[in-house]
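Peer 1: Quick one: structure below, then a few questions.
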Amino acid sequence: MITILIFAIVIRTILSYFPKYQSHKFSALLTDVTDPLLKPFKRFQIGSAAGAIDFSPIVAIIVLNLIQSVIVRQFIF
C-alpha cells in the first residue's frame, strides 16, 4: 500500500509539469489521494511563491519509506 502511495506521488509530480493533463479525472484522483500526504510538508519550499521549488513530494516519500521500513522490521522480528 505504501509503495502505491509513493508511485502516486511520483506520477502526480511528473504530471505537474504538464498543465494539459492536470484537468483529467486521473490527475484529480491522484490529487485527492496524495494531497493529505503532501499538505503537512508543503512548508518545505525554497523561493518565492511564484517560483518556489516544492520539496514536499521528496519529504513525503522519505517519510513513507521510513514508515515502511519500521513496519517491515516489526514483521521480520
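The values are calculated or read from the model by the stated rules, or taken from the named source; none is laboratory data. These figures come from a predicted structure and were not determined experimentally. A quick note on method: Cβ atoms are made from the backbone with ideal geometry, for glycine too, and the neighbour counts reach across all protein chains shown.
Peer 1: Take the conditions β-branched (Val, Ile, Thr) and in contact (Cβ under 8 Å) with a residue 40 or more places away in the chain and apply them to ILE2. Does it pass? Break it down stepwise before answering.
Peer 2: Values: β-branched (Val, Ile, Thr): yes; in contact (Cβ under 8 Å) with a residue 40 or more places away in the chain: yes.
Yes, satisfied.
Peer 1: Return the only residue of ARG73, ARG12 being surrounded by 12 or more Cβ atoms within 10 Å (Cβ to Cβ) and either of a type outside the set (Gly, Ala, Ser) or modelled with pLDDT of 95 or more (or both).
Peer 2: Numbers: ARG73 fails: surrounded by 12 or more Cβ atoms within 10 Å (Cβ to Cβ).
None of the other options fit; the residue is ARG12.
Peer 1: Across region 15-33, what is the total count of residues that are buried (at least 16 other Cβ atoms within 10 Å of the Cβ) and aliphatic (A, V, I, L, M)? Show your work before the answer.
Peer 2: Quick first cut of region 15-33, residues buried (at least 16 other Cβ atoms within 10 Å of the Cβ) only: 15, 27, 30.
Retained after the next criterion (residues that are aliphatic (A, V, I, L, M)): 15, 30.
The qualifying residues number 2.
Peer 1: Can you name the condition, by its number, that LYS42 falls short on among (1) under 11 Å from the mean Cα position of the chain (by Cα); (2) at pLDDT 90 or above; (3) not small (Gly, Ala, Ser)?
Peer 2: It fails just one condition, (2).
Peer 1: What are the residue pairs meeting all of these: first residue in region 41-62, first residue β-branched (Val, Ile, Thr) and surrounded by 15 or more Cβ atoms within 10 Å (Cβ to Cβ), second residue modelled with pLDDT under 85 and part of a loop (DSSP other than H, G, I, E, B), Cβ atoms under 8 Å, and 6 or more apart or on different chains?
Peer 2: From residues that are β-branched (Val, Ile, Thr) and surrounded by 15 or more Cβ atoms within 10 Å (Cβ to Cβ), the pairs are VAL59/PHE44.
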